[in-house]
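The values are calculated or read from the model by the stated rules, or taken from the named source; none is laboratory data. No experiment lies behind these values; they were computed from the predicted model shown. When we count neighbours, we look across all protein chains shown, and the Cβ atoms used for this are built from the backbone with ideal geometry, even at glycine. Note: accessible area is taken over every heavy atom of the protein model, side chains too, but ligands, DNA and RNA are not part of it. Shrake-Rupley method; radii C 1.70, N 1.55, O 1.52, S 1.80 Å.
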Amino acid sequence: MSELADLGVTGLAVMGANLARNAARKGLRVAVHNRSNEKTERLLAEFGHEGNFVGSSSMQEFVSSLSRPRVVIIMVKAGQPTDAVINELVPLLEKGDIIVDGGNALFSDTRRRERELAERGILFVGMGISGGEEGALEGPSMMPGGARSAWDRIAPMVTRMAVSVDGTPCCAYMGPDGAGHYVKMVHNGIEYADMQLIAEAYDLMRTVYGMSAAEIGEVFASWNTGDLDSYLIEITAIVLAKTDAATGKALVDLIRDEAEQKGTGRWTAQSALDLGVPITAITEAVYARALSGRPAQRAAAAKELGEIKPAGKKAGAAEIGMIRDALYASKIVAYAQGFEQLEVASRTYDWNLDLGTIATIWRGGCIIRAAFLDRIKEGYAQHASAPSLLLQPYFRDGVLKAEQAWRDVVVLAVQNGVAVPAFASSLAYYDGLRRSRGPANLLQGLRDYFGAHTYRRFDKDGSFHTRWSQNGSEVEV
Ligand code: 6PG
């Protein structure tokens, strides 16, 4: 019998195929399988020379081509397709074998799968993988979660597939059951916020200052240094600079303004609501995509309510610099909110997430990779007890410095009718956060008035109810 494979990948769409190639290029012997054999054959024909592959046309053959304990990475669409593959695999596996789900699974599904498979003696690792097609091939950021013993067994192989930054692999054990997929979900939530902030900065330059896509692209290219240095800013410059060969126009101007989504941003917002964590920037980014997806309604409203026209103001270095500052400050808020969500989820689900480690493995390979994450990593190393990322000295000083420009840009947007939900909601969060006394005292009074929900007082302990509409007396309850 020929030599057995070190690990297997089933599901050979682009991400799966690239991950299998990545593993093979790193010297691993990789079994490959796909529901329709055509993809397996294509992978072997085109890339078989890159490494040591074992192709199988059936699941049975695939499983029997793996060395024990078997390690199978599933790279199929999240949801029902993942369950279908697991159900097909399980009867063929033995106790101690390991299934790794590398898709964008909902963390509660991962928790369920881990529990169910553990009952059958099969170990399950839910692993977030970020970096798109290129990352999967060249080295993604990987966020594994599940049984520690399972991770320890596969870590030497899987870690080799991840990219490294300053000699540190962008791959680390996140925590039990759904921790890895949860961290990936929040990564994607932050990705949504980051992209929405970029889109709002673009819209201001385009709509208020009448700049062309190419001109805005140059601005983004110039921003890709220092604090904003990141993959998303870099590719924004490239996308804006692209000319459509057929028409000679900026390609971005020909792309429909309707954002699609696969669900991870929405899940992040839903989970944050469940946990009671304010993640305004991420949630507004999800809403902005939903609004963009209603072109007929928007066209009708533009007609009925009047569409804004480019203001035709001229932007100088000062105006552009202000938008940059507003983007930077809002970005700090979005990350502070995302990291707070991770912290609360960690406590709620008993995951013991290490926020500094998460920042470390997001520095390379993933979509939100940025110089900024070095600062977050350092921040958690030095100021772990700060009540918010926003209050770590580096970021506190950054927002304080940007604050005036941030306000001015939000005012500019409001005055010109340009929607900036992520800029504005980040600023509102910031303003709400730095109030030691907000207006919720009135909410409590109203709740007590109509529902006897009680309130607490500053000047004495206990819970109280006032008979507001009767004799006005207060009772301790
Ligand atoms: C990544 C990306 C990847 C995918 C997004 C797209 O980290 O590599 O986040 O997972 O491209 O899920 O999400 P939407 O289709 O919802 O924008």
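Miscellaneous remarks
- Contacts under 7 angstrom Cβ, first residue in region 433-453 being without any contact (Cβ under 8 Å) to a residue 40 or more places away in the chain, partner open to solvent by 100 Å² or more (accessible area, probe 1.4 Å), 6 or more apart: Tyr449/Trp468
- Residues (buried (at least 24 other Cβ atoms within 10 Å of the Cβ), without any contact (Cβ under 8 Å) to a residue 60 or more places away in the chain and either of a type in the set (Lys, Arg) or closer than 16 Å to Asp354 by Cβ (or both)) located in region 120-145: Gly128, Pro144
- Restricting Gly379, Gly321 to those that are closer than 30 Å to Asn104 by Cα and part of a helix (DSSP H, G or I) reduces the list to Gly379.
- When the test is whether a residue is open to solvent by 40 Å² or more (accessible area, probe 1.4 Å), of a type outside the set (Asp, Glu) and farther than 27 Å from Ser230 by Cβ, Ser149 passes it.
- Glu307 being away from the ligand (no atom under 16 Å from the Cβ), among the acidic types (Asp, Glu) and surrounded by fewer than 19 Cβ atoms within 10 Å (Cβ to Cβ): yes
- Residues within region 142-194 that are among the acidic types (Asp, Glu), in contact with a Phe, Trp or Tyr (Cβ under 9 Å, 6 or more places away or on another chain) and in a helix (DSSP H, G or I), tallied: 2
- If you check Tyr209, Tyr202, Tyr192 for being surrounded by 23 or more Cβ atoms within 10 Å (Cβ to Cβ), in the same structural domain as Leu412 (by TED's automatic domain parsing), over 27 Å from Leu43 (Cβ atoms) and among the aromatic types (Phe, Trp, Tyr), only one passes: Tyr192.
- Residue count for region 250-290 under the criterion of being within 15 Å of the ligand (Cβ to nearest atom) and of a type in the set (A, V, I, L, M): the result is 8.
- Out of Gly167, Gly131, Gly189, Gly126, one residue alone is of a type in the set (Gly, Ala, Ser) and over 22 Å from Phe339 (Cβ atoms). It is Gly167.
- Among residues of region 455-477 being of a type in the set (A, V, I, L, M, F, W, C) and in contact (Cβ under 8 Å) with a residue 12 or more places away in the chain, the one that is least open to solvent (accessible area, probe 1.4 Å) is Phe464.
- Selection count, region 222-274, where residues are touching a residue at least 40 places away in the same chain (Cβ under 8 Å), more than 17 Å from the chain's Cα centre (by Cα) and open to solvent by less than 40 Å² (accessible area, probe 1.4 Å): 2
- Hey, Lys39 over 21 Å from Met142 (Cβ atoms) and among the basic types (Lys, Arg) or not: yes
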